[in-house]
Amino acid sequence: VQDVFMPERVTRVPLSSREISGVLNLRGRIVTVVDMRARLGLPRDEDGKTPMAVGVDLRGESYGLLIDQIGEVLRLPEDGKEDNPVNLDPRMAKLAGGVHRLDGQLMVVLDVDRVLELAPEMMAA
């Protein structure tokens, strides 16, 4: 995680998939904005709240992952990661890189490579 920010002035990219909300300029960097609800196959959030974004870099490109809310940004030890449970929702399982136990609960850890594994035709035509 590079940044946590409130996305402003997202410019829609013609012919891009519904998973790509658009692009924005974040401190001089062009950032592709990915709608995580769409990526996870979830319905749109109609509560009117302003979404937040988590900034990540992958292979020299910058992305903003649109999310509903954020708690803490944690550094988790690799040795505490467990495999995905068999009963994890398949939509989440295809993007998850494992789980961590925190205070008696499981926290699903998204694999950024999998989340951003978007087919070229989904990025833009």
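The values are calculated or read from the model by the stated rules, or taken from the named source; none is laboratory data. Because the structure is predicted, anything quoted here is derived from the model rather than measured. Every residue, glycine as well, gets a Cβ built from its backbone with ideal geometry; the counts of neighbours run over all protein chains shown.
Worth a mention:
- Scanning segment 10-36 for residues that are closer than 14 Å to Leu116 by Cβ and basic (Lys, Arg) yields no hits at all.
- Restricting segment 24-44 to residues that are among the charged types (D, E, K, R) and part of a loop (DSSP other than H, G, I, E, B), the residue that is modelled with the lowest pLDDT is Arg44.
- Looking across segment 1-23 at every residue that is under 13 Å from the mean Cα position of the chain (by Cα) and in a loop (DSSP other than H, G, I, E, B), the one that is surrounded by the most Cβ atoms within 10 Å (Cβ to Cβ) is identified as Glu19.
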